[in-house]
1. Please give the peptides 280-293, 8-21, 257-270 ranked by average Cβ packing (other Cβ atoms within 10 Å per residue), highest first, as a rough proxy for protection.
2. May I ask you to derive the relative contact order of the stretch 35-88, considering only C-alpha pairs under 8 Å and at least 6 residues apart, and to give it as an integer percent?
3. Can you tally the net charge around VAL71? Count Lys and Arg as +1, Asp and Glu as -1, for every other residue whose Cβ sits under 13 Å from the Cβ of VAL71.
4. Please list the non-local residues whose amide H lies under 5 Å from the amide H of GLY164, H modeled 1.01 Å from N, same-chain partners needing a gap of 5 or more.
5. For the chain, just the Cα atoms, rotate onto the principal axes and tell me the three extents in Å, largest first.
6. Would you please put 87-93, 46-52, 175-181 in order of how densely packed they are, using the mean number of other Cβ atoms within 10 angstrom per residue and starting with the highest?
7. First select every other residue whose beta carbon is under 12 angstrom from the beta carbon of GLY62; then total the charges, Lys and Arg +1, Asp and Glu -1.
8. Do you know the relative contact order of the chain, to the nearest whole percent, from alpha carbon pairs under 8 angstrom that are 6+ apart?
Amino acid sequence: MTDSPRPTVAIVVPVFNEEPVLPELFARLEALFAAPAECAWRAVFVDDGSRDRSAELLRAQGARDSRFELVELSRNFGFQSALAAGLAHAGAADAVVTMDADLQDPPEVVPALVAAWRSGAEVVRAVRRSRKETGVRRVGFDVFHALFDRLTDIPIESNAGTFGLLGRPALEAFARLPERNRFFPGLRAWIGFTTAEVAYDRQERAAGKPKQTFRRLVRYAVDGFFSFSYLPLRVLTYTGIAVSGLGFLLGLYFIAKRLLGIETATTGFTTLVSLVTFLGGIQLIGIGVLGEYLGRIYDEVKQRPIYLVRPPRR
Ligand code: UDP
Ligand code: MG
C-alpha cells in the first residue's frame, strides 16, 4: 500500500471489555475516515482477550467495513502487549496512531497529529492540556510523572500518555525493541527522532469502568521505573557507603575511648536492638531491589513472545 500516492495511516486500538463504548468509537472513527483527507485510513483493533461481546462487535464491524481490522489475542496479555501486537500488525502503514478505545483520546484530534507528521515530525506526542481523572488515580499519575522525570535517565514528557503518532522510521525502531517489560511512553522517548507535540483535552471515559485496575497502574509505574532507571541500585550503594563509613567512625571512637581508659557503660540494649533491626531492614530492602531487577532479567531471558494471536474465526 506504501506505493499508493496517498500515505496510509493506521489507527491502533487495544480493546479489553469495551463493549459499551465500541458503537460510539466506530461512529467517530467512521466520521474521521469520511472527512476529506490526504491519506488512506485503516483501523487495527487488538482484542486483548475480552470476556464480553467486544470481539463479536469488532468482527461485525470488520465485515461491514474492510478498513476495520481485528487481531485477536489468545488471552488477556495487558495493554502494553496488546499495543505491541497492534503496532506489529499495522506494519505496512506509513504512520500509526496509537489510541485508547474508551474515547479518552478523542479521534477528532487525529487530523492534527497527521498534520504534524506531514509537516516533518517522525513522532508526534499528544500532550494533555487537562485531565479529567480525579482522586487517587489523579494523584498517582501526578506523583509518578514527577518522580519519573526526576529520577530516570530518559526524560519523558510528563503529560503524554500513549496517544500519539509514529511515522515509518519510528515504527521500524519499535519493531526492533525486543523487551518484555514495555513502557510505551518511555520507549517512545528512548527511540528519539524528530518529535512534535499536539495539545488536547483528555476526556472522561465514554462508558464503562477503567480496565487498568489501580493495582495494574501501580505495577506499570514500577515497571516503567525499573526499566528506565538504575537509581535504586545507586541509592543502595550510597547507603552502604554511608552506613559503613559511620560504622568505621564509631569504631575509631570506641577504640580511642578504650585506649584513653575511659570506661564505657555496658548498657546500650536499646541502641543495639534498633541498630540490628534497622540494618537488617536495609539489607532486606537491598535484596528486594536486586530481586526487582533479577525478575525482569528472568522475564527477558525466557524469551517468551510478548503476545499470542488466535487464528481468525469464521
Ligand atoms: N486495555 C487492554 N488490555 C488490558 C487493559 C486495558 O487492551 O488488559 C485497553 C482498554 O480497552 C483501553 C486502554 O487499554 O482501550 C486503556 O485502558 P483504560 O482506559 O482502562 O486505562 P486508563 O485510561 O486508566 O489508562
Ligand atoms: Mg481510559
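Bear in mind that the values in this text are calculations on the coordinates, not laboratory data. Given the structure is predicted, the values throughout are model-derived calculations rather than measurements. As a convention, Cβ positions derive from the backbone with ideal geometry for all residues, glycine included, and neighbour counts pool all protein chains shown.
1. 8-21, 280-293, 257-270
2. Dividing the mean separation by the residue count of the stretch 35-88 yields 44 percent.
3. 0
4. HN-HN under 5 Å from GLY164: THR98, ALA126.
5. Projected onto its principal axes, the Cα set of the chain covers 94, 41, 38 Å.
6. 46-52, 87-93, 175-181
7. Numbers: positive: ARG42, ARG59, ARG64, ARG67, ARG313; negative: ASP47, GLU56, ASP65, GLU69, GLU72.
Here the charged neighbours net out to 0.
8. In percent, rounded to a whole number, it is 21.
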